[in-house]
Amino acid sequence: MHKLRQNLSHLYMMLFLLYLLLPLVVMSGAAFNDSKLPSIVPWKGWTTIWFSEMIADQRMMKAFVNTLWVAAAVAVISVVIGTASAILINSISGRARTVLYGMMISTILIPGVVIGISTMIMWTQLGGLLFGPDTRPWPFIPGLHLSVLGQVSYISAMVMLLVLARLQSFDAGLEEAALDLGASHSQVMRRILLPHLYPAIGAGAAVAFFQSIENFNVTQFTRGGADTLTVYVFSKVRSGITPTINALAFLLIMVTLILALVYEVNRRRKARIEAAREAEARRAEAAEM
Amino acid sequence: MQDMLRRYGPGLTLLMCLLVAFWLIMLVIVPNITLFEQSFRPYLPVTEIGGPRDTYSLGNYMKVFDGRVEKSILGFSYTIPVHVYTFLLTIFYSMVVTVLCFLMAYPLAYYMAKIVNPRSLPTLILLLFIPLWVSEVLRAFAWWIILAFKGPLNALLQAVGLIEDPIRWTNMGYTGVVIGLIYTYVLFMLFPVYNAIQSLDTNQIEAAEDLGAPWWKIHWRIVLPHAKPGIASGSVMVFMLSAGSLLVPSILGSTTSQWFTQTIDQWFKDALDWNTASAYAFLLLLLCTLIVTLAMWLFRVKLSDIAK
């Protein structure tokens, strides 16, 4: 009976993985089908025409570049804000901490639609108040910079959580020692605290970057006339599509797969070295006895 | 605070406080206050803003009750304002998505925490992460292809003889939307539940087994109560993401499946009436928060359990 349940759970895991990955395979497969509609049935023969059409699609390339810029800006700003917030939260206590922390966390749960509309309205209203409704200068008009600000408002909280978790393992005594030995405040920050936080900051930057690429709701309401990849794909899906989107999806999935593969190989190598070291230690111990 | 000043000096402390203040005040509080304020003003041409007609009223919120439609459930027919109807259905189907996500994720979460060989766990997690890195719009698009009238799902079902004629999946009310939302958000349920179960001492399960408890009782009395905070945070996440999703309902929706975010989008983009869009967005935020709070009170979970 126990054995049966175990096998059933292995089977369930397989089915779940199949469920998660098969749609991606179908989508990638349609990129090679010589059919005007994106589908894998009926199969009309191999082609790579959709890839060359994708490269010829100026708007898509522009959207792609925009996406990278927005994501980079979001990653930089939210890493700075998120790290500062984590340090601040870590060094206060009591009611102030609870309130601030609650406020930061709640931004993750605010629907993107609300963030998008509120960011858009606030900046345009502010511009109208300062300069009159018709002559608002740059930061107060709709555009991708507002998308960046809107996305930062909740992605910062994710970075904050990552950095805060890392701060738990930080020994504040190191800072004391450095100060006692005559280090300046900025040296303490640059040479002691930040190096300890780098892994979390790196992870935060990666999460922020990918969250930004994913984002649709905030961008949709703040972008003005500019496109990001997500918005462009969305408009394509709604208004008669060619399989160029599939070609794009295939490439993105390939990049993901390669990164995942590199990560996995690296992890296994580390695990093997670790195991060898442990075996060595055990042998040495046995020899001593 | 004193501590921070002593460690990083006045300059750096001020800088960090300013960064946090910019975030919370300029990017969160003031935009939401503006949204709230604008939602009480009428939509007017630019020249009339600030004029005699620009007064506060509940007019935008009252629009929710305009346009009654006739519906019937179980033979009872009644009339209901169309936007209220949309909102109720959005909430209802978001709950359906949340429950289905839990049912699908729980066995796998338990498997990952207690059954699978710990050495193959990192590989499994990596595989599970792949769809998360592929963007949401593409995941919805993948299902758009699969569910198409002449798509692979119908072809497969016909080939194995389960159905005679192809089914119009994306024209069956909310079916397409629910399928798409589950696929997009099930992992947001999986990982919190997995984290919660992982911290359960396996000895407790073995003790229960030794004392003769059947497997369902072990789950009901030991694993589920222990995993409650994880289940709660996964559910809050999936519910809020589903109710707030605009992409999936727009791509996989049918002619009869209106999502509340789509209504907001129409006020904003088609009618260009930002004030009513604000009112509706504020309603969405307020009511979803209320529902989540109510659910947490019902299941006796605290917010601090969730943010752990």
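Derivation of every value follows stated rules applied to the coordinates shown; laboratory data play no part. None of these values were measured; they are calculated from a predicted model. Here Cβ is always computed from backbone atoms with ideal geometry, including for glycine, and neighbour counts include all displayed protein chains.
Structural remarks
- Members of B:Lys63/B:Lys269; A:Lys3/B:Lys217; A:Lys44/B:Lys150; A:Lys270/B:Lys114 lying beyond 21 Å, as alpha-carbon distances in this model show: A:Lys270/B:Lys114
- Evaluated at q = 0.08, 0.10, 0.11 Å⁻¹, a Debye calculation over the C-alpha positions of chain B (equal weights, vacuum) places log10 I(q)/I(0) at -0.53, -0.80, -0.94.
- The stretch B:44-175, Cα convex hull volume normalised per residue, Å³: 270 Å³
- Within chain A: Cβ-based charge dipole about Cα centre, in debye rounded to nearest 20 (Lys, Arg +1; Asp, Glu -1): 580 debye
- Percent of Cα pairs exceeding the 30 Å cut-off, where the set is the stretch A:59-242: 32 percent
- Averaged over peptide A:121-128, the number of partner chain Cβ atoms lying within 10 Å of each residue's Cβ comes to 5.
- Working from label points 7 Å from Cα in the Cα-to-Cβ sense, the B:Ala21 to A:Ala279 distance is 6.1 nm.
- Calculated FRET value between B:Leu224 and A:Arg268, using beta carbons and R₀ = 30 Å, to 0.05: 0.30
- For the protein assembly as shown, the Rg and Dmax computed from alpha carbons only, in angstrom: 26.3, 95
- Solvent-free Debye scattering, log10 I(q)/I(0), computed from the Cα coordinates of the stretch A:38-104 at q = 0.22 Å⁻¹: -0.96
- Simple label model, 7 Å out from Cα along Cβ direction - B:Lys302 to B:Asp270, nm: 4.7 nm
- Base-10 log of normalised Debye intensity for the stretch B:154-308 (one unit scatterer per alpha-carbon) at q = 0.21 Å⁻¹: -1.24
- Considering only A:Val99, A:Leu18, A:Met61, and ranking their Cα positions along the charge dipole of the stretch A:11-102 that arises from unit charges at the beta-carbon of Lys, Arg, Asp and Glu, the one farthest toward the positive end is A:Val99.
- Between the C-alpha center of the stretch B:131-179 and that of the stretch B:87-124 there is a gap of 21 Å.
- Rounded to the nearest 20 debye, the dipole size of the stretch A:5-153 about its Cα centre is 340 debye, using +1 on the Cβ of Lys and Arg and -1 on the Cβ of Asp and Glu.
- Peptide-level mean, for A:180-190, of C-beta atoms on other protein chains within 10 Å: 2
- Within chain A, helix-based [θ] at 222 nm, where runs of 4 or more DSSP H residues each add -39,500 (n - 2.57), nearest 500: -26000 deg cm²/dmol
- Between B:Ala213, B:Ala21, B:Ala227, the residue with the greatest mean-square fluctuation in the GNM of chain B (Cα pairs under 10 Å linked by springs) is B:Ala21.
- Rough spin-label spacing in nm, given labels placed 7 Å along Cα→Cβ, for A:Ile108 and A:Trp43: 4.3 nm
- Tail weight of P(r) past 22 Å, computed on alpha-carbon pairs of the stretch A:141-289, percent: 67 percent
- Cα-based Rg of the stretch A:81-166 normalised by 2.2 N^0.38 Å, two decimals: 1.31
- Debye, to nearest 20: dipole size of the protein assembly as shown, +1 on Lys, Arg Cβ, -1 on Asp, Glu Cβ: 460 debye
- Per-residue mean of C-beta atoms belonging to partner chains within 10 Å, peptide A:211-217: 4
- Using a Förster distance of 35 Å, the FRET efficiency for B:Ser199-B:Met1 (Cβ separation, nearest 0.05): 0.60
- Peptide packing for B:145-152, A:57-64 was compared via the average number of neighbouring C-beta atoms within 10 Å per residue; ordered from the highest value, the list is B:145-152, A:57-64.
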